[in-house]
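Shown next, in structure tokens, is the structure this report addresses.
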Amino acid sequence: MDQELNRTDMTEIELYNKLGEFRSVYRKNLSESVIPFWLKNSPDWKNGGTFSCLDKDGTVYDTKKYIWLVGRSVWMFSRLFNEFDKDSKYFDVATLGVNFLQKHAEDELGRYYFSLTDNGKPWFYQRKPYAAVFAMLAYLEYYKASGESEFKEQAVQLFWKINDWIEDSTKLGRLKIFDFRLIRPQWYFNKFTPFIIILICN
């Protein structure tokens, strides 16, 4: 591919045409292979949400619902509906996932579980805002698909929660042993913090 796209050997028109060919290949693979696979095997129409641990034949080998992956699923199917094709099936799966998040993802303190059982019971709580970031992105993209303002409001509220958790991780249940920001500010501002902020503000 690198050789084919070498600008020194191709005119801009040839390059444009070649990129168009690649776009057709990727779109065909997405619409005929990737999307049908996840539409068929991922939704859990019985308990809500979506499965993410699938074998290549679509078999579910782990029935736990990982909140960050359910969030990504909601975002993906909402984005497909918003940008790719106004197919109601995409919206239906996104709705299945966002309803599951709203019903089961939070604990009594408004913190987000890392994983749940297939029917929404708590399985594992991680004292990080990681899962909440993907839930927030899911709510925001679903708002664009549904037009329901409550999801935008929920995304904004969750943004400020995440910001608060980054500033004070004891609110996620972590022990505050020592504040390393006092002697090593760069230790606190790790890769995870800008990743969250960039995603949310994009």
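FYI, it's all coordinate maths here, none of it is from the lab. Since the structure is predicted, the reported quantities are computational estimates derived from the model, not experimental observations. For neighbour counting, all protein chains shown are included, and Cβ atoms are generated from backbone atoms with ideal geometry for every residue, glycine included.
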With the contact rule set at Cα under 8 Å and sequence spacing of 6 or more, what percent relative contact order holds for segment 26-80? 22 percent
Going by how many other Cβ atoms sit within 10 Å of their own, how do 130, 113 line up, fewest first? 130, 113
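What is the gain in length, in nm to one decimal, between residue 56 and residue 119 on full extension, counting 0.36 nm per residue of separation less the C-alpha to C-alpha distance?
Details: separation 63, 0.36 × 63 = 22.68 nm, distance 2.36 nm.
This chain segment gains 20.3 nm when fully extended.
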How large is ³J(HN,Hα), in whole Hz, for each residue of segment 152-157 in order, when computed from phi with the Karplus curve 6.51 cos²θ - 1.76 cosθ + 1.60 and θ = phi - 60°, using x for Gly and Pro? 5, 4, 5, 5, 5, 4
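For a 24 Å ceiling on Cα separation, which of these pairs sit above it: 86/152; 103/144; 65/176; 40/64?
Violating the 24 Å limit, Cα to Cα: 65/176.
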Please sort by residue number the GluC sites (Glu not before Pro) in segment 29-126 whose DSSP state is loop and whose Cβ has at most 14 other Cβ atoms within 10 Å. 108
As an exercise, use a Förster radius of 45 Å and the Cβ-Cβ distance of residue 157 and residue 23 to find the FRET efficiency, rounded to the nearest 0.05. 0.75
Points 7 angstrom from Cα along the Cβ direction at residue 107 and residue 148: gap in nanometres? 2.7 nm
Grab the Cα-Cα distance for residue 41 and residue 164, subtract it from 0.36 nm times how many residues apart they are, and report the gain in nm with one decimal. 40.6 nm
Report the net charge of residues surrounding residue 43, where surrounding means a beta-carbon distance below 11 angstrom and charges are Lys +1, Arg +1, Asp -1, Glu -1. +1
